[in-house]
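Asks: Please see the structure below; I have some questions.
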Amino acid sequence: MIQIGMPSTDLVDDTLAKRYPGLAALEKAIQRDLHILDYPRHEWVASREASDGKPIYDVLIIGGGQSGLTAAFYLMRERVTNIMVIDENPEGLEGPWRTFARMHTLRTPKHLIGPDIGIPNLSIRSWYEAKYGDGAWDNMVFVPKHEWADYLTWYRRFLRIPVQNQVRAGAIEWLPAENCFVIPVNRPLGIDVLYARKVVLATGIDGSGKWDIPKDVRGNLAKGLYAHTREDIDFEKLRGKKIGVLGAGASAFDNASVALEHGAGEVHMFFRRKELVRVNPYRWAEFVGFLKHHGDLPDAERWRFINQILRAGQLPPADTYKRATEFPNFTMHPGTPWSKVEQVGQQARVTTPNGVFDFDYLLIGTGFRTDLSLRRELQKIHPYIRKWSDVYTPPVGEENADLGNHPYLAGDFSFLEKNPGEAPWLGGIFNFTFGCLASLGFGGASISGMKYSLPRMVGGITRQFYLEDTDRYFRALCDYNIPDF
Ligand SMILES: Cc1cc2nc3c(=O)[nH]c(=O)nc-3n(C[C@H](O)[C@H](O)[C@H](O)COP(=O)(O)OP(=O)(O)OC[C@H]3O[C@@H](n4cnc5c(N)ncnc54)[C@H](O)[C@@H]3O)c2cc1C
């Protein structure tokens, strides 16, 4: 009998287990752990059906990456099992790890935990050691990104997390008649709708906005002359070419390195700052106070901490910096913003205060911007969502337009209404993307914050179910008559 929340008893992927016998033993150990920790054991959320006979999920999770999978398993452990995860990508291609993440290893230290939800045998370390043997972990500096992706694939299959791939969510809407949300979805075979009482947006680091290409670039150049680092890029085509890179964060360096490794003729990197950022405030933030309690601070405090972290800027990890700077044909141009970009023949001409440069191709490493109105999932509801710019005016010197676009979330990651009473159902949607930064620090879309963000969000979801159905529970209490003897 398949029991949700309990892993499969047969080996998940016997080819994997055949190749790595230690995994079979690990899976047995986890089954034992989960059985020991299996309390309370009663299903408790009453599932419902829509009037068209379709199931109403208790929770629909949009996004099958690390955040969506871990949130799903955490819910399953809390006996919220009528759930579904959907992801627009084919299985195994969720998130950036096997597609546009072009680094060799994770950027965060290997000891960060999260998906394990406090069960040591479920951690990336136990999985890695089961796969490669004792000592393998100690010999490793950073987790290779493909190992992280493989771990997430194993995690999903072993824990039997219900995921539908190649399903893209459209504009979420509240259905008063059904007292639930309706989510139109695109499937390979056509349009469909899903119903859910609660929705978790685990749509990624750009899940509260969009990967950003400066207007000057997308407005003045043919598409064939540039790509954002988030895009599929044919690096072979850059062999022998002169490449311009905008930005000096981790992804800008990763993509510059891949272009150099594919034989690009010259790679020039441009950034506004006079010097490359070398200090990472995200490392400073990895302590209980910030990770667990940023959300408990008053508005002014939350704003100034996050504003300071963002102001410090992004930097490449040391190995990524070394990877690019080892190439003699790699040049950095600090303090050199792009003032104009135009197309001249088949080239991109970039004008800067320090000269004019012609390039065969541009790599845009400018990250993403926050703007809820750009999310297809939020097309019909973003006007109701409270944002920081609606409630907080920063003091002079702390202005930050992008931070003002962050949703002003409740302590459990749920949306709050811009105008109370206009959309009381809005609190049933949980934003577990990077857009939670101002409100709750490192919540969604980062490994660093998972340990503390998941209990906060899942606690908020279970709280809503219990408070919404209190009458039903009281009736169940009054009707409870199973004698002890
Ligand atoms: C290149 C790169 C490297 C990073 N390296 C690290 C690191 O080393 N350490 C760290 O802690 N963090 C890192 N991060 C940050 C963060 O951990 C990752 O972005 C991580 O992928 C976030 O996990 P997630 O599950 O929240 O989102 P994702 O892994 O991005 O998964 C979200 C999924 O939702 C899907 N989706 C979005 N919208 C819809 C929709 N409407 N319908 C259906 N599916 C949808 C997306 O296609 C995607 O598959 C990195 C980010 C990037 C981009």
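Asks: Looking at region 383-405, which of its residues are free of Cβ contacts under 8 Å to residues at least 40 places away in the same chain, open to solvent by less than 50 Å² (accessible area, probe 1.4 Å) and in contact with an Asp or Glu (Cβ under 9 Å, 6 or more places away or on another chain)?
Replies: Passing the criteria: only Gly404.
Asks: Something else: How many residues are more than 18 Å from the chain's Cα centre (by Cα) and under 15 Å from Ile117 (Cβ atoms) when one looks only at region 69-82?
Replies: Going through region 69-82 one residue at a time, the tally reaches 5.
Asks: What about Asp150, is it farther than 24 Å from Lys18 by Cβ, open to solvent by 30 Å² or more (accessible area, probe 1.4 Å), assigned by TED's automatic domain parsing to the domain that holds Gly443 and outside any loop (DSSP other than H, G, I, E, B)?
Replies: Spelling it out, it is not the case that Asp150 is farther than 24 Å from Lys18 by Cβ, open to solvent by 30 Å² or more (accessible area, probe 1.4 Å), assigned by TED's automatic domain parsing to the domain that holds Gly443 and outside any loop (DSSP other than H, G, I, E, B).
Asks: Sticking with this one: Given the options Cys478, Cys436, name the one that is over 22 Å from Ile119 (Cβ atoms), within 16 Å of the ligand (Cβ to nearest atom) and part of a helix (DSSP H, G or I).
Replies: Going through Cys478, Cys436 in turn, the sole match is Cys436.
Asks: So the check is Cβ under 8 Å with 6+ separation or different chains; which pairs have a first residue in region 205-219 that's in contact (Cβ under 8 Å) with a residue 12 or more places away in the chain and a second one that's part of a loop (DSSP other than H, G, I, E, B) and among the small types (Gly, Ala, Ser)?
Replies: If the second residue must be part of a loop (DSSP other than H, G, I, E, B) and among the small types (Gly, Ala, Ser), the pairs left are Ile205/Ala445; Ile205/Ser446; Gly207/Gly63; Gly207/Gly444; Gly207/Ala445; Trp211/Gly367; Asp212/Gly367.
Asks: Follow-up question, since we're still on this one. Please go through region 117-150 and pick out each residue that is over 22 Å from Gly449 (Cα atoms) and within 15 Å of the ligand (Cβ to nearest atom).
Replies: Met140
Asks: Here's another thing I want to ask about it. From the set of residues in region 339-382 that are β-branched (Val, Ile, Thr) and outside any loop (DSSP other than H, G, I, E, B), which is most open to solvent (accessible area, probe 1.4 Å)?
Replies: Here the residue is Val356.
Asks: Got at least one residue in region 410-431 being among the basic types (Lys, Arg), away from the ligand (no atom under 16 Å from the Cβ) and open to solvent by 60 Å² or more (accessible area, probe 1.4 Å)?
Replies: yes
Asks: Give the number of residues within region 280-317 that are touching a residue at least 12 places away in the same chain (Cβ under 8 Å) and in a loop (DSSP other than H, G, I, E, B).
Replies: Qualifying residue count, region 280-317: 8.
Asks: Of (1) in the same structural domain as Met269 (by TED's automatic domain parsing); (2) among the aliphatic types (A, V, I, L, M); (3) part of a loop (DSSP other than H, G, I, E, B), Ile161 satisfies all except one. Which?
Replies: Unmet for Ile161, out of (1) in the same structural domain as Met269 (by TED's automatic domain parsing); (2) among the aliphatic types (A, V, I, L, M); (3) part of a loop (DSSP other than H, G, I, E, B): (1).
Asks: Could you list, in sequence order, all residues of region 82-98 that are more than 7 Å from the ligand (Cβ to nearest atom), open to solvent by less than 30 Å² (accessible area, probe 1.4 Å) and either among the β-branched types (Val, Ile, Thr) or outside any strand (DSSP E or B) (or both)?
Replies: Ile83, Val85, Gly92 - these are the residues of region 82-98 that are more than 7 Å from the ligand (Cβ to nearest atom), open to solvent by less than 30 Å² (accessible area, probe 1.4 Å) and either among the β-branched types (Val, Ile, Thr) or outside any strand (DSSP E or B) (or both).
Asks: What residue, of Pro90, Pro162, Pro115, Pro144, is touching a His at 6+ places or on another chain (Cβ under 7 Å), of a type outside the set (Lys, Arg) and touching a residue at least 40 places away in the same chain (Cβ under 8 Å)?
Replies: Going through Pro90, Pro162, Pro115, Pro144 in turn, the sole match is Pro144.
Asks: Based on what the data block shows, is Ile447 more than 18 Å from His293 (Cα to Cα) and of a type outside the set (S, T, N, Q)?
Replies: Answer is no for this residue.
Asks: Right, next: Arg160 versus (1) surrounded by 16 or more Cβ atoms within 10 Å (Cβ to Cβ); (2) more than 27 Å from Met457 (Cα to Cα): which is the lone unmet condition?
Replies: (2)
Asks: Can you tell which of Leu362, Leu403, Leu374 is under 30 Å from Ile243 (Cα atoms) and away from the ligand (no atom under 16 Å from the Cβ)?
Replies: Answer to the check: Leu362.
Asks: To continue, here is another question. Please work out which residue is nearest to the ligand (Cβ to nearest atom), limiting yourself to region 32-79 and to residues that are without any contact (Cβ under 8 Å) to a residue 24 or more places away in the chain and over 14 Å from Arg197 (Cβ atoms).
Replies: The residue in question is Asp52.
Asks: Separate question: Could you check region 284-312 and list, in sequence order, the residues that are charged (D, E, K, R) and open to solvent by less than 80 Å² (accessible area, probe 1.4 Å)?
Replies: Selection gives Glu286, Asp299, Glu301, Arg302.
The values are calculated or read from the model by the stated rules, or taken from the named source; none is laboratory data. This structure is a prediction, so every number in the text was calculated from the model and none was measured. Glycine gets a Cβ as well: all are built from the backbone with ideal geometry, and neighbour counts include every protein chain shown. Heavy atoms of the whole protein, side chains included, go into the accessibility calculation; ligands, DNA and RNA do not. Shrake-Rupley method; radii C 1.70, N 1.55, O 1.52, S 1.80 Å.
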